[in-house]
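The values are calculated or read from the model by the stated rules, or taken from the named source; none is laboratory data. As the structure is a computational prediction, the values presented were derived from the model and not from experiment. So basically every Cβ, Gly included, is an ideal-geometry build from the backbone, and we count neighbours across all protein chains shown. Quick note on the areas: whole protein, heavy atoms, side chains included, nothing else; ligands and nucleic acids left out. Shrake-Rupley method; radii C 1.70, N 1.55, O 1.52, S 1.80 Å.
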Amino acid sequence: MWLKILIGGLVVAFCIFLGYFAASKYRLRKKFFLQLASFNERYLTELCYARKPLPEFLREYPYTGDFSKTLAAFVQHRETEPNLSYLSKEEKKFCGDYFGMLGKGDAVSQKSYYQAQKNELENKKTACEKEAKSRSELYIKLGLLAGLAFVVLIV
């Protein structure tokens, strides 16, 4: 009896973990666009006031995760389009265009370009936040239900 309860609990926990793991794509997208929006705000401020060189500006603020790797690839190899599996083709193209414009042209043209991208980034950020919240909850609940169904079938 105790063995069945233990195995049932482990199966349910494992299925919930699988649901949490499946939802990581949406959490990573949310984190990426949060950091990209933050980067955009800092870069706009930098263009208006201090106007430091781009490599110096990129070293000044630490970023984490895939956004940090994308920035590092941009600085080292001028790779503009991120190679991230959780971004759609349109989002990869958007990021490629965004990073491709970094450091090109004068401050006024860059400021106008990144000011125009600000609204698009805010929209993407809020959409990713909503999607990550709903999908994370959904996948965890599906994992719970799948685990319970599996336990019912086993017992």
Charged-residue dipole, Cβ positions (Lys, Arg, Asp, Glu), the chain about Cα centre, Debye nearest 20: 280 debye
Taking the C-alpha atoms of the stretch 10-89, convex hull volume expressed per residue in Å³: 111 Å³
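Given the rule -39500 (n - 2.57) for each run of at least 4 DSSP H residues, summed and divided by the residues of the chain, what is its mean residue ellipticity at 222 nm, to the nearest 500 deg cm²/dmol?
Details: 6 runs with 126 residues, N = 155.
It comes out at -28000 deg cm²/dmol, rounded to the nearest 500.
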Whole-percent pair-distance distribution, where bins are 10 Å wide, for the alpha carbons of the chain: 10, 32, 25, 14, 11, 6, 2, 0
Surface share of carbon and sulfur [accessible, 1.4 angstrom probe, percent] for the stretch 1-146: 61 percent
Mean separation of Cα contacts under 8 Å, 6 or more apart, over the residue count of the chain: relative contact order %: 51 percent
Those lysines that a straight Cα-Cα span of less than 26 Å connects to K130, excepting residues fewer than 8 apart in one chain: K25, K30, K31, K69, K89, K92, K93, K118, K141
Selection from L84, T64, A149 lying farthest towards where the dipole of the chain points positive, charges on Cβ: A149
Mean-position separation - Cα centroids, the stretch 8-65 and the stretch 95-155, in angstrom: 9 Å
Accessible surface, the stretch 37-103, averaged per residue in Å² (probe 1.4 Å): 57 Å²
